[in-house]
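Asker: To start, I am sharing the structure in question, which I have written as structure tokens.
Rule-based calculations on the coordinates, nothing more; no lab input. Bear in mind that the values here come from a model prediction, so they are computed numbers and not experimental data. Here the Cβ positions follow ideal geometry from the backbone for every residue, glycine too, while neighbour counts run over all protein chains shown.
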Amino acid sequence: MKNKLRHITIETTTYNYVIKEWQIKLFVDATDENKYIIVNFEYDIEDPNYTRNLIWQGCFRVYKNEEELVLNMHEPHFVKEVIVALEIDQYDFSKQKQYTIEKALFLLERMGYNLEKSSSAATVNKEQNLKQSTVHEVLLALQQDKLPLATALIFDELDCTLLEAKKIAENMKKKIV
């Protein structure tokens, strides 16, 4: 496990960082070690969507265009992708010097990776297996901006993961908006 201070330059900005277990500690100002963002990829180990994607310490199994990939947190290109996905300009370090991003798996999706192999075509196929009465209930929930309820309704009816159910609900919401 690497836990020494490393650095990476993106365009004209140099960032220092340390990787320890499932966290990246990113120092955003080389002159002030108190300004940093901790990106925590540690998540609820009981969640099957999460544990299915962990291979070993610091590595994720992800998919891009149906192709299985292994991402290693210790590789500089991964750290660079995380920095870009974080959009560091949105953080105001004059008000708060330290930020922690918990459950950062959403960054993998922002970076263009999927946690599941299933494509949008497979999601559409599963959507077609919903009963008409459930579709009606889901659409009502989505019209009322109740995505969690819509996700739960889909999850209860289909043989899918919560993540797949959420994607189906989001796809259905796009159609009604």
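Asker: Determine which aspartates and glutamates satisfy two conditions relative to K97: a Cα distance under 20 Å, and not lying fewer than 8 residues away in the same chain.
Answerer: Within the straight-line limit of under 20 Å, K97 reaches these aspartates and glutamates: D29, D32, E33, E87, D89.
Asker: While we're looking at this one, here's another question. Beyond 20 Å between alpha-carbons counts as too far, so tell me which of K4/K25; K25/K64; K4/K64; K64/K167; K126/K175 fall in that bin.
Answerer: Violating the 20 Å Cα-Cα cut-off are K25/K64; K4/K64.
Asker: Could you order peptides 78-85, 67-74, 154-161 by the average number of other Cβ atoms within 10 Å of their residues, highest first?
Answerer: Descending packing order for the listed peptides: 78-85, 154-161, 67-74.
Asker: Treat each spin label as a single point 7 Å out from the Cα along the C-beta direction, and report the Q132 to D92 distance in nm.
Answerer: Placing both labels 7 Å along Cα→Cβ, they lie 5.3 nm apart.
Asker: Using a Förster distance of 25 Å, how high is the FRET efficiency between T9 and N72, based on the Cβ-Cβ distance and rounded to 0.05?
Answerer: Details: r = 20 Å, r/R0 = 0.80.
Rounded to the nearest 0.05, the efficiency is 0.80.
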